[in-house]
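Each remark here refers to the structure printed beneath this line.
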């Protein structure tokens, strides 16, 4: 009878599991140039990400550079029209709370013949230039990113033609990116970009956001740790160990010292989730060996996070990488602690059925891990 109940629970769990790819979130990167005659945002946009037939569509194929360059004038006009429409939905710019109008052009599509920027995978990218008329101070320029696909806007700031900083703005959030002082007697207007503290906060938010709500596999791993031994002290030790471990491989991967195929990293991340769920069903109490597993799996999950951060931080070098990396990992740790707090609050009124919750929860986590491991196999 118990086996039959297990089979039913396992089957129900499989049907309820969403298909997921760990930590892979779309992002748009724009350089911000606060000039005296115009405030400019410049960058490359994935054309397929701008089109309604492929935005948010699971497994939608990319557009390839060679195909777009051979497209008709009518199709090219559609690409630029849809890209402008999409960007106007996603990007809002305000000064002292007042919405600002902005213009957009696509330099790639102004060339004859059409030549698109090259991309390693052959995908079709288009250059975009967004201009905003500078506003007299005092005041603050704020950017709002309103993507319903949970993407991020990455703003790159320059100083003396060198990258000064990166700021991450998750979907549905805003960021003050420029402070404009009152005009001086000479008529000159001074501007300042975000401080290090402001930038650090944006990356803490990004790290938190990549666990809650985006990192469903990361969430299940932490809940798997919780279900074996729902006690604060050992859980905090495991959470911190997990963060330290994935911080190591994340840093090494971002700096290019480790480069493993992301497809297999995602498969083994799923296996780690299944392992924790299955071990919970077999082991009756927390043992020291769980710490070794948490450390090893933390190293693995760090490589998963690297698929998110590597391209975003690719233009930063040396000590400039430290602030985003440390801040991102602080955000991840805060998200993990938040998950544990929520888990304790949920378990509190169910404490009479703690064993049942541990059993059913671990079974569903094991089912999710096995399903994702199979679903992510490259063949």
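Within region 74-96, being within 24 Å of residue 139 (Cα to Cα) and free of Cβ contacts under 8 Å to residues at least 24 places away in the same chain holds for one residue alone: 88. Residue 113 satisfies every condition listed in (1) closer than 15 Å to residue 44 by Cα; (2) more than 26 Å from the chain's Cα centre (by Cα) except (1).
Among all residues of region 104-114, there is at least one that is closer than 30 Å to residue 139 by Cα and outside any loop (DSSP other than H, G, I, E, B).
Among the residues examined, residue 42 does not qualify as part of a helix (DSSP H, G or I) and surrounded by 13 or more Cβ atoms within 10 Å (Cβ to Cβ).
So, in region 62-91, how many residues would count as being surrounded by 15 or more Cβ atoms within 10 Å (Cβ to Cβ) and more than 29 Å from the chain's Cα centre (by Cα)?
2
The condition of being in contact (Cβ under 8 Å) with a residue 60 or more places away in the chain and assigned by TED's automatic domain parsing to the domain that holds residue 47 holds for only one of 153, 116, that being 153. Quick check: anything in region 237-260 closer than 21 Å to residue 335 by Cα, more than 23 Å from the chain's Cα centre (by Cα), at pLDDT 90 or above and surrounded by fewer than 19 Cβ atoms within 10 Å (Cβ to Cβ)? Yes, the conditions are met somewhere in region 237-260.
The values are calculated or read from the model by the stated rules, or taken from the named source; none is laboratory data. A quick note: this is a predicted structure, and the numbers were derived from the prediction, not measured. So basically every Cβ, Gly included, is an ideal-geometry build from the backbone, and we count neighbours across all protein chains shown.
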